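Below: the structure, in structure tokens.
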Amino acid sequence: MLFRFFISNCAPCDIHQTSILKELQNNSLKYRLICNRLENKQGLFTFKRMNRISETVYSSKNLIDGETDAIYFCIYYQGVVTDVFFPDENFPDLTKSYLNEMSNKYFTVK
């Protein structure tokens, strides 16, 4: 599972992303973090330190053709992107539901 986020100058956006990152860290999913259009490595280092992110964060300009600075989750396997989800700060229960569904669908041994 990938969580695509971006570092912005928008404090409410960064707070929303941070809350999602914390939810993701509390879940037992295997995931990777990808930062969109990282232009300043120092900015990423500061963002990770301030938000206590110990995971490796990869930088990529575009994962999906035509994407914007929207944050999203997706499943990426052998070059195929599926189950894309755009979290909305107004509906945090949907994000939790999505994470649980992906955990059950892809990461639970049956």
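Since every read-out is calculated from the coordinates, none of them should be taken as a lab result. Here the structure is a predicted model, which is why all the values come from computation and not from measurement. Don't worry about glycine lacking a Cβ; one is built from the backbone with ideal geometry, like all the others, and counts go over all protein chains shown.
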**OP:** Rounded to whole Hz and in sequence order, give me ³J(HN,Hα) for segment 76-89 from the Karplus expression 6.51 cos²θ - 1.76 cosθ + 1.60, θ = phi - 60°, writing x for Gly and Pro.
**Re:** 10, 9, 6, x, 10, 9, 9, 6, 6, 9, 9, x, 10, 4
Original post:
Say R0 is 22 Å: what FRET efficiency, to the nearest 0.05, do I15 and S97 get from their beta-carbon distance?
Top reply: 0.55
